[in-house]
Amino acid sequence: MLRKSRFSFQKTIMQVSIIKKSDIQEAHRFDAEFFKPEYLEIEERLKKIKSEKFKNYLLEITGGATPLGANYSKQGVPFLRVQNVMYNYINDNDVVFISDKQEAEIKRSRLKEGDVLLTITGSYGKSAPVISQYVGSNINQHSVRMKFKEELRPFYVSTFLNCKYGKKQSDKNIVGISRPALDYEAIKIFLIPIFPQSFQIQIEKIVKFAYEKQIKSKQLHKEAEELLLKELSLLDYKLEHILSFEASKKEIDEAKRFDAEYFQPKYEDIIKRIESHKDGWDYIKNLVNWKKGVEVGSERYQQDGISFGRVSDFSIDGVEKTGKKISEELYQELRKNYQPKRDDILFTKDGTIGLSYVLKEEFEIILSGAFLRLSLKEKYQNFEKECLVLIFNSIICKMQVEKLSGGAIIAHLKPSDFEKFKIPLIKLKIQKEIAEKITKSHKLRKESKELLEEAKRKVEQEIEKG
């Protein structure tokens, strides 16, 4: 019998689990956390219906890798990282690429249609099926690709892994504190109900319908971006990286930079186009006020509690489910200064820099120090926030970020550098057209997520019906 005690305020909560010696021997785990009552309840419920271990249906399980000396580019073979594998879909907003030669080094983890992806470190426990669009892509070491016998359809498997009966098995089997991880042997003993094909196909149809809404959402977003770029005469703009160019001593002295990449003509060309915009431009510091997030320290993370948002949980579609949690007590301490509010503009200044989103609703979350929360200044109260966010996410600001980073992916963007961004003042009529398309796009994206949640609920309900 293993016991685990948890302390909250002055009360001691005792959790008692009674387990067999054979269960300990099979799991090779002796820690009380592994045998929490909620995990045992999940396992017991799955055993009551026709559930089997993954290993009985697995044809392949292969981990990814990062090629030696990997140099990410903007074209080549798509290389999926943890932030690309979401809950039942693949997020292509921040996909990087590797060369054919680099991909050949890790061809064993090359993706095939029908594979199921599962993240195993960091933001672990997220699963998505591989659809035709990503066949031939590859993954890094923080995910695995799995192939199952035909009795288990990939869309059903990924939906199961994302529902509570799958996710809790990921939670149960993680090892490590600062960098939680799942190992292959643990995944192989996951339990999954072998439901009839008719039910699995029903789940597949719901997920695919969600994908259709995602496609329409992306199309509207693309139309909004084209409208913006057309207004700035950048619609068919081609970036040109010049190998040989000059910079004057005055330019170097003013910039206080000596790296050649900073003076690449392509950056200056974008700036000139912004400055020549017929309706004018302004520095971002004149448009918005900003507040920075907070770092709580990895020692304050816990498995359950209030969401702590990091860049890896964020995309231009908003905050996804967070991989890290903090206590209710810490949340109450921080919420006044660090909880974002509805209509705040979020902007990432660390890691993947320049991702932006208008928060559609207020919910319990604390944002890390990698975020800036922006609000419009009085002078620009009528500036459409969705239009400003689109500018942040477009080539207009991406090039300004890249210039400040010397052409590399940098860890941090100082708020003082962010304040130097130059923003074109798009005419209000165009702003409203852009905002309308983006709003419709987000509506479809929300409907897509609701369908994915519906698929999860149906799997959970089917399990609970027994």
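The values are calculated or read from the model by the stated rules, or taken from the named source; none is laboratory data. These numbers come from a predicted model, not from an experiment. Cβ sites come from the backbone with ideal geometry, for glycine too, and all protein chains shown count toward neighbours.
Contact annotation: residue pairs with Cβ atoms under 9 Å, 6 or more positions apart or on different chains, pairing a residue in segment 84-107 that is over 17 Å from Ala210 (Cβ atoms) with a partner that is among the basic types (Lys, Arg) and crowded, with 20+ Cβ neighbours inside 10 Å, are Asp94/Arg81; Val95/Arg81; Val96/Arg81.
A Cβ distance below 8 Å, combined with a sequence gap of six or more or placement on separate chains, defines the contacts here; from segment 118-142, residues that are at positive phi and surrounded by fewer than 24 Cβ atoms within 10 Å (Cβ to Cβ) reach residues that are of a type in the set (Gly, Ala, Ser) and assigned to a loop (DSSP other than H, G, I, E, B) in the pairs Gly122/Gly323.
Scanning segment 353-383 for residues that are outside any strand (DSSP E or B) and under 25 Å from Gly305 (Cβ atoms) turns up Leu355, Leu359, Lys360, Glu361, Glu362, Phe363, Glu364, Ser368, Gly369, Ala370.
Conditions (1) at pLDDT below 95; (2) assigned to a strand (DSSP E or B); (3) in contact with a helix residue (DSSP H, G or I) (Cβ under 7 Å, 6 or more places away or on another chain), marked per residue:
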{"residue": "Lys398", "(1), (2), (3)": "yes, no, no"}
{"residue": "Gly407", "(1), (2), (3)": "yes, no, yes"}
{"residue": "Leu444", "(1), (2), (3)": "no, no, yes"}
{"residue": "Ser448", "(1), (2), (3)": "no, no, yes"}
{"residue": "Leu452", "(1), (2), (3)": "no, no, yes"}
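Return the residues of segment 160-177 that are among the aliphatic types (A, V, I, L, M) and modelled with pLDDT of 95 or more; say none if nothing qualifies. The answer is Leu161, and nothing else. Of the residues in segment 75-89, none is at pLDDT below 95, hydrophobic (A, V, I, L, M, F, W, C) and farther than 25 Å from Ile174 by Cα. For segment 410-435, a residue qualifies if it is touching a Leu at 6+ places or on another chain (Cβ under 9 Å) and part of a helix (DSSP H, G or I), and the qualifying residues are Pro415, Asp417, Phe418, Ile430, Gln431, Glu433, Ile434, Ala435.
Within segment 44-70, the residues that satisfy the criterion of being over 21 Å from the mean Cα position of the chain (by Cα), buried (at least 16 other Cβ atoms within 10 Å of the Cβ) and touching a residue at least 60 places away in the same chain (Cβ under 8 Å) are Arg45, Leu46, Ser51, Phe54, Tyr57, Leu58, Ile61, Thr62.
State whether one or more residues within segment 20-38 are out of contact with any Phe, Trp or Tyr (no Cβ under 6 Å at 6 or more places or on another chain), at pLDDT 80 or above, outside the structural domain of Glu151 (by TED's automatic domain parsing) and surrounded by fewer than 18 Cβ atoms within 10 Å (Cβ to Cβ). Yes, some residue in segment 20-38 is out of contact with any Phe, Trp or Tyr (no Cβ under 6 Å at 6 or more places or on another chain), at pLDDT 80 or above, outside the structural domain of Glu151 (by TED's automatic domain parsing) and surrounded by fewer than 18 Cβ atoms within 10 Å (Cβ to Cβ).
Residues in segment 267-309 that are under 20 Å from Leu367 (Cβ atoms), surrounded by 15 or more Cβ atoms within 10 Å (Cβ to Cβ) and without any contact (Cβ under 8 Å) to a residue 12 or more places away in the chain: 0 in all.
Cβ-Cβ distances below 6 Å connect the following pairs, each with a first residue in segment 431-451 that is farther than 16 Å from Phe392 by Cβ, a second residue that is among the acidic types (Asp, Glu) and not in a helix (DSSP H, G or I), and a separation of six or more residues or different chains: Arg445/Asp317. Scanning segment 71-113 for residues that are buried (at least 16 other Cβ atoms within 10 Å of the Cβ) and among the small types (Gly, Ala, Ser) returns Gly76, Ser99, Ser109. Note on segment 375-388: residues that are among the hydrophobic types (A, V, I, L, M, F, W, C), surrounded by fewer than 23 Cβ atoms within 10 Å (Cβ to Cβ) and under 27 Å from Leu334 (Cβ atoms) total 1.
Of all residues in segment 324-335, those that are closer than 20 Å to Ser123 by Cβ have Cβ atoms under 9 Å from Cβ atoms of residues that are hydroxyl-bearing (Ser, Thr, Tyr) and outside any strand (DSSP E or B), 6 or more apart or on another chain, in Lys324/Ser123; Lys324/Ser298; Lys324/Tyr301; Lys324/Ser368; Lys325/Tyr301; Ile326/Tyr301.
For segment 178-206, the tally of residues that are in a loop (DSSP other than H, G, I, E, B), free of Cβ contacts under 8 Å to residues at least 60 places away in the same chain and either farther than 17 Å from Lys126 by Cα or more than 22 Å from the chain's Cα centre (by Cα) (or both) stands at 1.
Taking the numbered list (1) at pLDDT 95 or above; (2) crowded, with 18+ Cβ neighbours inside 10 Å; (3) more than 20 Å from the chain's Cα centre (by Cα) in turn, Ile438 passes all entries but (3).
Does Val157 meet the test of being touching a helix residue (DSSP H, G or I) at 6+ places or on another chain (Cβ under 9 Å), modelled with pLDDT under 95 and either more than 23 Å from Val459 (Cα to Cα) or not basic (Lys, Arg) (or both)? Judged against the criteria, Val157 is not a match.
Please go through segment 291-313 and pick out each residue that is among the polar types (S, T, N, Q) and part of a strand (DSSP E or B).
At the first step, the residues of segment 291-313 found to be among the polar types (S, T, N, Q) are 298, 302-303, 307, 312.
Gln302, Ser307, listed by residue number.
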